[in-house]
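Worksheet for the structure shown next.
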Amino acid sequence: MGSALPPVPVTNDELVAALDTSDEWIRSRTGIRQRYFAPDSMATSDLAAGAGAKALKSEGGRPVDTVVVATTTPDRTCPATAPTVAGKLGLGHVAAYDVAAVCSGFVYALATAAGLIACGASDGVLVIGAETFSRILNPADRSTAVIFGDGAGALVLRPGTEGEAGALGPFDLGSDGEGLELITVPAGGSERRPHAPREEDHYFTMQGKQVFRLAVQRMSGSARAVLDRAGWRVSDVDHLVSHQANHRITARLADELGIPQERCAGNIAEVGNTAAASIPLALDHAHAEGTLRPGARLLLTAFGGGLTWGATVLTWPALDRD
Ligand code: ACO
């Protein structure tokens with residue numbers, strides 16, 4: 001595993017200067033104390049390559065043949081960001097593609113990577129969740145500008161045997177296109193041309209209240225479905241690692257599932273909501289802190305724009321720590 005963050009954190013107090021908000025509101029309503037915003041010179045591929053390099057190094061530099069990047073904020077509309085990341089990492093002519101499922105992106109990316117390995121198309125996949133979400137935030141919108149942050153997390157998947165530590169899956173994935181308008185950047189794609197006249201159409205918008213309710217509903221439903229498929233009981237779960245949208249969502253989700261709060265892993269207080277990067281950042285943080293013992297059973301679940309959602313389970317492998 002590995003992760004990367006921009007160099008300097010942005011505290012709540014720094015945002016208060018430009019927005020009608022307060023450190024108290026942000027902390028109590030979201031659990032966030034700070035987040036990181038990438039400088040203009042740093043693109044999503046730079047954060048992705050930073051996290052990817054650490055993940056590869058942690059595994060002794062063994063070659064991978066595929067790079068999958070989950071992101072909402074690619075370097076460019078065309079091409080995908082993954083080939084750039086592979087180039088920056090000097091990985092040669094590997095397969096490389098992006099997965100776009102907003103905050104569920106990392107779970108979707110894991111599913112595609114696991115599928116490539118299962119069908120024999122790959123012997124090693126570098127899976128990365130990476131975002132420069134600050135690039136699409138409306139600096140005048142206090143309901144989103146205080147929540148999101150930039151960062152990247154990565155891990156390497158290899159073929160293995162069912163039941164061994166590190167084993168991943170099954171998966172549950174879903175979507176509901178009826179919820180398109182709840183989480184969206186309206187312009188910049190084929191529907192509204194990039195030079196659409198309204199500046200605000202190029203910014204991220206979210207209907208927070210509705211999304212809150214749906215996030216709990218969909219993540220808990222997906223988590224239950226995957227536990228069922230895996231043959232695990234809720235009491236088998238040592239750590240719940242959910243998409244870190246808001247600490248109140250995580251708390252509500254844990255309650256809904258009947259998982260004690262102390263079994264929830266996460267670092268939203270330090271990094272904010274980093275969309276597709278949030279699950280690998282939470283995993284790498286918990287790993288670095290030594291919270292995840294080999295053989296621990298993890299339940300991952302995510303929800304995001306699309307709407308999309310997904311869940312998977314894994315047993316934590318024995319990994320070296322820096
Ligand atoms: N500072 C102060 N007040 C604020 C702020 C702020 N930063 N933001 C909103 N408020 C105000 C609102 O204007 C509103 O005021 P009003 O009552 O006078 O109208 C009041 O606070 C309450 O607003 P709500 O939107 O009801 O606040 P809520 O408690 O729901 O928190 C939040 C808002 C944090 C956005 C929450 O709804 C949330 O976390 N939603 C879900 C986010 C999520 O799950 N995202 C996952 C997917 S994201 C993706 O896919 C990229």
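Look at the alpha carbon pairs under 8 Å that are at least 6 residues apart: their mean separation over the length of the chain gives a relative contact order of 24 percent.
On the basis of the beta-carbon distance and an R0 of 25 Å, residue 165 and residue 121 show a calculated FRET efficiency of 0.55.
Summed over the residues of the chain and divided among them, the accessible surface reaches 44 Å² per residue at a probe radius of 1.4 Å. Screening the chain for whole DSSP H helices of 18 Å or more along their axis (Cα) with average Kyte-Doolittle hydropathy at least 1.0 returns 105-118.
Sorting 190, 122 on solvent-accessible area from highest to lowest, probe radius 1.4 Å, gives 190, 122.
Can you find, among 226, 132, 44, the residue farthest towards the positive end of the dipole of the chain? Put +1 on the C-beta of Lys and Arg, -1 on that of Asp and Glu. About the Cα centre, the residue reaching furthest to the positive side is 226.
Divided by 2.2 N^0.38 Å, where N counts the residues, the Cα radius of gyration of the stretch 168-315 comes to 1.12. Protein heavy-atom surface of the chain, 1.4 angstrom probe: 50% of the accessible area is carbon and sulfur, with nucleic acids and ligands not counted. For the stretch 170-185, the Karplus equation 6.51 cos²θ - 1.76 cosθ + 1.60, evaluated at θ = phi - 60°, returns couplings of x, 10, 10, 10, x, 8, 8, x, 4, x, 2, 6, 6, 9, 7, 10 Hz by residue, with Gly and Pro reported as x.
Here the dipole of the chain is about 280 debye; that uses its Cα centre as origin and unit charges on the Cβ of Lys and Arg (positive) and Asp and Glu (negative). When each of the peptides 288-295, 113-120 is scored by how many other beta carbons lie within 10 Å of its residues on average, the order from highest to lowest is 113-120, 288-295. Compactness of the stretch 1-129 was expressed as the Cα radius of gyration divided by 2.2 N^0.38 Å, which yields 1.22. Can you give the percent of C-alpha pairs in the stretch 250-322 whose distance is more than 21 Å? Tail of the P(r) past 21 Å holds 28 percent of the pairs. Estimated from the Cβ-Cβ distance and a Förster radius of 45 angstrom, the FRET efficiency linking residue 262 and residue 193 is about 0.35.
Extending 7 Å from the Cα toward the beta-carbon at both residue 251 and residue 200 defines two label points whose distance is 3.1 nm.
Here the chain was treated as a single set of alpha-carbon atoms; its pair distances binned every 20 Å from 0 give 35, 60, 5 percent. This model, with +1 at the C-beta of Lys and Arg and -1 at the C-beta of Asp and Glu, gives the stretch 2-157 a dipole about its Cα centre of some 240 debye.
The values are calculated or read from the model by the stated rules, or taken from the named source; none is laboratory data. Note that the coordinates shown come from a computational prediction; the quantities given were computed from them, not determined experimentally. Here the Cβ is made from the backbone with ideal geometry for all residues, glycine too, and neighbour counts use every protein chain on show. For accessibility, only protein heavy atoms count, side chains too; no ligands or nucleic acids. Shrake-Rupley method; radii C 1.70, N 1.55, O 1.52, S 1.80 Å.
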